[in-house]
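The values are calculated or read from the model by the stated rules, or taken from the named source; none is laboratory data. For clarity, every value in this text was computed on a predicted model and none was experimentally measured. Methodologically, a virtual Cβ is constructed for each residue, glycine included, from the backbone with ideal geometry; neighbour enumeration extends over all protein chains shown. In case anyone asks, the SASA skips ligands and DNA or RNA and just uses the protein heavy atoms, side chains included. Shrake-Rupley method; radii C 1.70, N 1.55, O 1.52, S 1.80 Å.
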Amino acid sequence: MRFEEFCFGSIRIDGTTYEHDVVIDRGEVRKRKKKPSKKFRDDFGHPPLSVEEEIPWKCHWLVVGTGANGAMPVMKEVKAAAKERKIELLILPTYKALEALQRDLDETNAILHVTC
């Protein structure tokens, strides 16, 4: 998988440009469905990553890109769920998350926020 370009609002993966958040689940790219997390917006000032979303748990590493400025919150329940499942959780601004993903994708899934 090649991460070719990231700028505020879009990301290009393997020649395809996505103008929305993405989930990488065992090599497949899909749109992040963040609607279940929107109800927490008032508590965080931004829709966070919550356990109510479809998180790609079938992995050893889960990389979460928190946006261009690192503004997307990750709820403590997500961190606890990862720990319970013995999944290493790496939470970084999206550009740094992409650097981490370039190094090793084996047994690694990702959730990448492309704005803020």
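Specify whether the C-alpha gyration tensor of the chain places it in the rounded, prolate or oblate class, a ≥ b ≥ c being the square roots of the eigenvalues: rounded for a/c under 1.5, otherwise prolate if a/b is larger than b/c and oblate if not. Show your work: numbers first, answer last.
Values: a/c = 1.68, a/b = 1.14, b/c = 1.47.
Oblate, because a/c is 1.5 or more while a/b does not exceed b/c.
Please give me, ordered by residue number, the GluC sites (Glu not before Pro) of region 10-116 that lie in loop per DSSP and have at most 14 other Cβ atoms within 10 Å. Here the GluC sites (Glu not before Pro) that fit, given the DSSP loop and packing criteria, are Glu19, Glu54, Glu107. Taking every alpha-carbon pair under 8 Å whose residues sit at least 6 apart, region 55-105 reaches a relative contact order of 48 percent. Averaged per residue, the chain has 57 square angstrom of accessible surface, using a 1.4 angstrom probe with ligands and nucleic acids left out.
Placing +1 on the Cβ of every Lys and Arg and -1 on the Cβ of every Asp and Glu, with no other charges, gives region 6-116 a dipole of roughly 260 debye about its Cα centre. Applying 0.36 nm per residue to the separation of Ala81 and Phe8 and subtracting their alpha-carbon distance, the gain on full extension is 23.4 nm. Dipole size of region 1-66 about its Cα centre, with +1 on Lys/Arg Cβ and -1 on Asp/Glu Cβ: approximately 180 debye, rounded to the nearest 20. Cut-off 10 angstrom, C-alpha nodes, Gaussian network model of the chain. Which of Val74, Val63, Val23 fluctuates the most? In the Gaussian network model the winner is Val74. Since only Met75, Val29, Tyr95 are under comparison, the one whose Cα sits farthest along the positive direction of the charge dipole of region 1-107, derived from C-beta charges on Lys, Arg, Asp and Glu, is Met75.
For region 17-31 versus region 87-102, the inter-centroid distance based on Cα atoms is 14 Å.
Applying 1/(1 + (r/R0)^6) with R0 = 30 Å to the Cβ-Cβ distance of Asp106 and Thr17 gives a FRET efficiency near 0.75.
For region 59-116, what class follows from the C-alpha gyration tensor (a ≥ b ≥ c being the square roots of its eigenvalues): rounded when a/c is under 1.5, otherwise prolate if a/b is larger than b/c, else oblate?
oblate
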